[in-house]
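Worksheet: the structure to be examined is printed underneath.
Bear in mind these aren't lab numbers, they're just calculated from the coordinates by the rules spelled out. All values derive from a computational prediction rather than experimental measurement. As a convention, Cβ positions derive from the backbone with ideal geometry for all residues, glycine included, and neighbour counts pool all protein chains shown.
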């Protein structure tokens, strides 16, 4: 039974999916740009008009209802930020993206992410989960390079594995509970499979390697979209299914440190940003794992803030790549005067992700760290603080070597207007939510608790500023240590690739050799059976001769069966010399056997 109610109750995912289907009919040029802008506005309006406890679904079987829209405070805040940054990414892509297919993939990706966060049941969630994986693959492959093609294959293999684990866990959960509603999962194998499936999308260590491998190879606009949806959808589902799991909280701490350590080693600007997605998602995962009201608020607040500044960072670096054609820090520098607006917005994003007071990242990071301290998880809190130090070092490195280091050879001009508008709006939101965090508190899952958190407490603010100033001093004093280098950094994917090559070698060499050996052996047996069937007399004489030769070899060096080799060489079609008496005897023996079986059992079974 369909319960649509009113137009605003239609799942926002359908707006973008329908828009993707109609896009090829629109044409190109200004008509397409206007269409995309209108579509982005409609999608944002569709989410904004939703009210809590709104549902939209239908029953496919008695007691089995698929829910395509379940709006509550948690899904709504995810919907707001997805639609908001999705609109900014669409605007950003107008001048950069030329292929119709890439726009279609981006819209499907955005729509399926919204579909996943508003899904009220696990099977609807899984449907959109898989659409997200395959539509985002197109954003990698539209780069049309060999490296992008290979990275895309590794990307989709990871997500197929994660999707299979998630589906297996969902089925087991349904069989055990009879419920498909998205919520906590019972302990058992289903629990583990669901956690692994979510862990792939959320970039748990060691399931994270697809992210820094694929995001730097996506298209310029595609990387902006990809920085937003997959990992944050994973965090949202984690908040639905595994809140308050201590192991999840400590996984967040590991992600934070691991990601920032690898980010500091990178030369490719988008690979540096990709490792910082792993690190920053660690804060969100830690907040969810802590599980208290302030912990979950902090984790979801960091989702919201991270989407803003991380999308902005990918926009800024995309603009740099678009203007210069270069993506390595060793090739960049001297862009502060050539791309001033890009430089300003990038610095705002860098301060935001680093948790500088006055910017949005400071608010949500502080909330997660405060939640860890309240629960006595001091090791986790220390890991998150160290992650902040490493993050600030990374973005001092990124901004300095991109914009301020001298490079008289580089040629560039400011990014196109649509890109600058998208970047400026996003930068403004990063500052607005940092200066006035109450704007964000009001839409958090536990708003009342959020308003009791004082982000700008004197001790916390002064402590943060001191830590950041010492970090900045260390960077400029030891600048040579942080200088970018053209080197390869090996992550765990190195082991995966070696293991994959080893498996392929095993399939191509030992396994095929054994198969060929077995095949030849079976062919010889088959040939022997055919020969025996064609010439049983010669075969029986040869067998007798062989047995006799083996038995008598130890007693007599001479071979009494001298015609053995002659028997072996006997042609299959050679006439068999069988006397009439021997033939009659053979028939009588067979007839006797037949008669005995018939009289014993009453019937002959064949």
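Could you work out the relative contact order of the chain? I mean the mean sequence separation of Cα pairs under 8 Å and 6+ apart, divided by the number of residues, in percent.
11
Subtracting the Cα-Cα distance from 0.36 nm times the residue separation, let me have the gained length for residue 449 to residue 181 in nm, one decimal.
Contour length minus Cα-Cα distance gives 93.8 nm.
Before anything else, pin down the relative contact order of segment 297-489: Cα pairs under 8 Å, at least 6 apart, normalised by residue count, whole percent.
33
So the label point goes 7 Å from the Cα of residue 55 along Cα→C-beta, right? Which residues of segment 68-86 then have their backbone N under 13 Å from it?
Backbone N within reach: 68-72.
Taking the simple approach of a point 7 Å from Cα along Cα-to-Cβ for both residue 498 and residue 528, what is their distance in nm?
In this crude spin-label approximation the distance works out to 4.5 nm.
With viscosity set to 0.890 mPa s at 25 °C, what whole-number translational diffusion coefficient in µm²/s follows for segment 311-442 from Stokes-Einstein and a Kirkwood radius over Cα pairs?
155
With each pseudo-label sitting 7 Å past Cα toward Cβ, what's the residue 18-residue 247 distance in nm, one decimal?
That separation, rounded to one decimal, is 4.4 nm.
What are the principal axis extents of the Cα atoms in the chain, in Å, biggest first?
115, 63, 59
How would 527, 268, 491 line up from fewest to most surrounding beta-carbon atoms within 10 angstrom?
Numbers: 527 10, 268 19, 491 16.
Exposure proxy ranking, most exposed first: 527, 491, 268.
Between residue 160 and residue 174, what is the label-point separation in nm under the 7 Å Cα-to-beta-carbon projection?
For the pair residue 174/residue 160, the computed spacing is 2.2 nm.
Give or take rounding to whole Å, what are the principal axis extents of the alpha carbon atoms in segment 137-207, in descending order?
47, 22, 15
Hey, fewest Cβ within 10 Å first, where do 436, 250 land in order?
The most exposed by this proxy come first: 436, 250.
Given the peptides 89-102, 364-377, 327-340, 29-42, arrange them by the average over their residues of other C-beta atoms within 10 Å, most packed first.
Highest to lowest by the protection proxy: 364-377, 89-102, 327-340, 29-42.
Where Rh denotes the Kirkwood radius from the mean inverse Cα pair distance, what is Rg over Rh for segment 37-122? Intermediate values should be presented prior to the final figure.
Values: Rg = 14.6 Å, Rh = 14.0 Å.
Ratio of gyration radius to Kirkwood radius for segment 37-122: 1.05.
Would you order 597, 131, 140 from fewest to most other beta-carbon atoms within 10 Å of each residue's own beta-carbon? Before the final figure, lay out each step's value.
On the way: 597 13, 131 19, 140 29.
Ranked by crowding around the Cβ, least crowded first: 597, 131, 140.
How high is the relative contact order of segment 60-197, in percent, with contacts defined as C-alpha pairs under 8 Å that are six or more residues apart?
Relative CO of segment 60-197 lands at 23 percent.
What 222 nm value per residue comes from the helices of the chain, counting each DSSP H run with n ≥ 4 as -39,500 (n - 2.57) and dividing by all residues, nearest 500 deg cm²/dmol?
Here the helix-only value at 222 nm equals -23000 deg cm²/dmol.
Give me the Kirkwood hydrodynamic radius of segment 4-154, using the inverse of the mean 1/r over all pairs of distinct Cα atoms, in Å to one decimal.
Values: mean 1/r = 0.0623 Å⁻¹.
The answer is 16.1 Å.
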